[in-house]
Amino acid sequence: MTTRQERIQNKSIFISCVTPVFNEETLIGPFYEKLSECLSKITNRFEIIAVDDGSHDKTNEEIRKLPPTFHIKHIQFSRNFGKEIALTAGLEHATGDVVILMDIDFQHPIEIIPEFLKEWGSGYDMVYGVRKNRESESIIKRNFARAFYWLMEKITHIHIPSNAGDFRLLDRKVVDAMNSFQERTRFMKGLYAWVGFKKIAIPFEVPKRQSGKSSWGLRKLTELAITGITSFSDVPLRVWGLIGFFISLLSMIYAVYFIGYTLIYGVDLPGFPSIIVAVMFLGGIQLLSVGILGEYIARIFTEVKQRPKYIIEEKNGFDE
Ligand code: UDP
Ligand code: MG
């Protein structure tokens, strides 16, 4: 068995790069050229898996035009399944000793790959990029992210490092572990944390997107956040028992007080506002808790349907 260090030194390490792509026609050429150039300096064996997540621009044609020296393996989804699923498909098709996950908008700097590899060589199984700056994002998005990480930290039992994204290098062991997950509604950041293994963070500056625009609006981010919470925590489900208990306790105390009051002072008619408040409050709480039940049931529903995670329309460059 050669050690990791030796495999890096004699350039025999097999590197897979997984890149989800959605409507990025202008970036395909420049990005893959730079990436393959970088990889071919590091090693003699690499593959680049381009997962086209149902783009409706010329992304597909552009990928097909790339020369064979880039070692592109192309997976084309039948429609847009989302980045999490595109990454999943990439991981399932990657055969390398290590797998690197990257965005293709140049926001994940290619130059850091050797640094990632160095850390892998010194024994880490997962090396992940942590963004030093979030200036390229709007204030809403930044604060949203901060609130989300705070909440996740509080109510799940896993630690998700904030400001860490999908930019990472995974050892084969980790990839196999990730591939053993059967769930369809996926929150990758949670899964990276859940699988464990020896991890290290590498800080990096996030440059501006080179062209095109981010496809993560507030709605998609909210959806992802809810998936994150509901797939890693049952606190939102269980907290209602506690709230219900305290509300019942309060109403019991109030009833005792009310009985005492009536015995001493007799009945007086007013009291209508407090009834309205109580009815509205309880109605609100009940709807909220039913809504939260709904979030979980919706997810159970998608899981029990046992549908495939994704549909591949075409695959190119894979040898059977
Ligand atoms: N992406 C994808 N499917 C989607 C949305 C995005 O595969 O439904 C890809 C996109 O092409 C890019 C990466 O995921 O390579 C990151 O997307 P984006 O830059 O829009 O996200 P952000 O950097 O804002 O998080
Ligand atoms: Mg981006």
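Among what's in the stretch 5-38 and is within 16 Å of ligand 1 (Cβ to nearest atom) and more than 15 Å from MET102 (Cα to Cα), pick the residue that is nearest to the chain's Cα centre (by Cα).
Going through the qualifying residues, I end up with ASN23.
Give the residues of the stretch 301-320 that are at pLDDT 85 or above and not in a loop (DSSP other than H, G, I, E, B), sorted by residue number.
Once the filter is applied, which keeps residues that are at pLDDT 85 or above and not in a loop (DSSP other than H, G, I, E, B), the stretch 301-320 yields ILE312, GLU313, GLU314, LYS315, ASN316.
Out of curiosity, is LYS41 of a type outside the set (Val, Ile, Thr) and either in contact (Cβ under 8 Å) with a residue 60 or more places away in the chain or within 16 Å of ligand 1 (Cβ to nearest atom) (or both)?
Working: of a type outside the set (Val, Ile, Thr): yes; either in contact (Cβ under 8 Å) with a residue 60 or more places away in the chain or within 16 Å of ligand 1 (Cβ to nearest atom) (or both): no.
Taking the combined requirement at face value, the residue does not satisfy it.
Filter the stretch 78-99 down to residues that are away from ligand 1 (no atom under 13 Å from the Cβ) and either assigned to a helix (DSSP H, G or I) or under 18 Å from ALA164 (Cα atoms) (or both), then give me how many there are.
Initially, the stretch 78-99 is screened for residues away from ligand 1 (no atom under 13 Å from the Cβ), giving 78, 91-99.
Those still in the list that are either assigned to a helix (DSSP H, G or I) or under 18 Å from ALA164 (Cα atoms) (or both) too: 91-93, 99.
Selection size over the stretch 78-99: 4.
Yes or no: the stretch 114-123 includes at least one residue that is part of a helix (DSSP H, G or I) and either among the small types (Gly, Ala, Ser) or modelled with pLDDT under 85 (or both).
In the first step, residues of the stretch 114-123 are kept if they are part of a helix (DSSP H, G or I); the result is 114-121.
Within this subset, residues satisfying the condition of being either among the small types (Gly, Ala, Ser) or modelled with pLDDT under 85 (or both) are 121.
Yes, because at least one residue in the stretch 114-123 is part of a helix (DSSP H, G or I) and either among the small types (Gly, Ala, Ser) or modelled with pLDDT under 85 (or both).
Restricting to the stretch 3-33, count the residues that are in a helix (DSSP H, G or I) and within 27 Å of ILE75 (Cα to Cα).
At the first step, the residues of the stretch 3-33 found to be in a helix (DSSP H, G or I) are 4-9, 25-33.
Remaining after also requiring within 27 Å of ILE75 (Cα to Cα): 25-33.
Total meeting the criteria: 9.
Yes or no: the stretch 15-26 includes at least one residue that is among the acidic types (Asp, Glu) and crowded, with 17+ Cβ neighbours inside 10 Å. Steps first, answer last, please.
At the first step, the residues of the stretch 15-26 found to be among the acidic types (Asp, Glu) are 24-25.
Keeping just the survivors that are crowded, with 17+ Cβ neighbours inside 10 Å gives 24-25.
Yes, the conditions are met somewhere in the stretch 15-26.
Tell me whether the stretch 306-317 contains one or more residues that are farther than 30 Å from ASN60 by Cβ and surrounded by fewer than 10 Cβ atoms within 10 Å (Cβ to Cβ). Step through it out loud before you land on a result.
Initially, the stretch 306-317 is screened for residues farther than 30 Å from ASN60 by Cβ, giving none.
No.
From the list ARG131, ARG168, pick out the single residue that is over 30 Å from THR2 (Cβ atoms), of a type in the set (Lys, Arg) and within 16 Å of ligand 1 (Cβ to nearest atom). Can you show your working first?
Working: ARG168 fails: over 30 Å from THR2 (Cβ atoms).
Answer to the selection: ARG131.
Among the residues of the stretch 106-128, write down those that are within 11 Å of ligand 1 (Cβ to nearest atom) and surrounded by fewer than 21 Cβ atoms within 10 Å (Cβ to Cβ). Spell out the reasoning first.
Initial filter on the stretch 106-128 (within 11 Å of ligand 1 (Cβ to nearest atom)): 106-108.
Hits for the stretch 106-128 are PHE106, GLN107.
With the checklist (1) among the basic types (Lys, Arg); (2) away from ligand 2 (no atom under 16 Å from the Cβ); (3) part of a helix (DSSP H, G or I) in hand, flag the one item ARG186 doesn't pass.
ARG186 satisfies every listed condition except (3).
Residues PHE245, PHE258: which one is at pLDDT below 80, of a type outside the set (Gly, Ala, Ser) and surrounded by 11 or more Cβ atoms within 10 Å (Cβ to Cβ)? Talk me through it step by step, then tell me what you get.
Details: PHE245 fails: surrounded by 11 or more Cβ atoms within 10 Å (Cβ to Cβ).
Unique residue meeting the criteria: PHE258.
Please tell me if SER36 is under 23 Å from VAL206 (Cβ atoms), among the hydroxyl-bearing types (Ser, Thr, Tyr) and in contact with a Ser or Thr (Cβ under 8 Å, 6 or more places away or on another chain). So that I can check it myself, show each step before the final result.
Details: under 23 Å from VAL206 (Cβ atoms): yes; among the hydroxyl-bearing types (Ser, Thr, Tyr): yes; in contact with a Ser or Thr (Cβ under 8 Å, 6 or more places away or on another chain): yes.
So SER36 fits the description; yes.
Among residues belonging to the stretch 25-56 that are modelled with pLDDT of 90 or more and among the acidic types (Asp, Glu), point out the one that is nearest to ligand 2 (Cβ to nearest atom).
ASP53
Identify all residues within the stretch 200-218 that are within 9 Å of ligand 2 (Cβ to nearest atom) and either under 21 Å from ALA147 (Cβ atoms) or in contact with a Cys (Cβ under 8 Å, 6 or more places away or on another chain) (or both); write none if there are none.
Those that are within 9 Å of ligand 2 (Cβ to nearest atom) and either under 21 Å from ALA147 (Cβ atoms) or in contact with a Cys (Cβ under 8 Å, 6 or more places away or on another chain) (or both): VAL206, SER214, TRP216.
I want to confirm something. Restricting to the stretch 44-77 and keeping residues that are within 10 Å of ligand 1 (Cβ to nearest atom) and among the acidic types (Asp, Glu), which single residue is farthest from LYS220 (Cα to Cα)?
The residue in question is ASP52.
Restricting the stretch 166-183 to residues that are surrounded by fewer than 18 Cβ atoms within 10 Å (Cβ to Cβ), of a type outside the set (Phe, Trp, Tyr) and outside any helix (DSSP H, G or I), which is modelled with the highest pLDDT?
It comes out as SER180.
Give me the residue from the stretch 66-110 that is of a type in the set (D, E, K, R) and modelled with pLDDT of 90 or more and, out of that set, farthest from TYR124 (Cα to Cα).
We begin by selecting, within the stretch 66-110, every residue of a type in the set (D, E, K, R); these are 73, 79, 83-84, 92, 97, 103, 105.
Checking the rest, the ones that are also modelled with pLDDT of 90 or more come to 73, 79, 83-84, 92, 97, 103.
Working: LYS73: 27, ARG79: 36, LYS83: 25, GLU84: 24, GLU92: 21, ASP97: 13, ASP103: 22 Å.
Taking the candidates together, the pick is ARG79.
Out of all the residues in the stretch 206-260, which are within 16 Å of ligand 1 (Cβ to nearest atom), within 20 Å of the chain's Cα centre (by Cα) and in a loop (DSSP other than H, G, I, E, B)? Walk me through how you get there before you give the answer.
Restricting attention to the stretch 206-260, the residues satisfying the condition of being within 16 Å of ligand 1 (Cβ to nearest atom) are 206-225, 227-228.
Within this subset, residues satisfying the condition of being within 20 Å of the chain's Cα centre (by Cα) are 206, 209, 213-225, 227-228.
Selection gives VAL206, ARG209, LYS213, SER214, SER215, TRP216, GLY217.
The values are calculated or read from the model by the stated rules, or taken from the named source; none is laboratory data. None of these values were measured; they are calculated from a predicted model. All Cβ positions, even for glycine, are placed from backbone atoms using ideal geometry, and neighbour counts span all protein chains on display.
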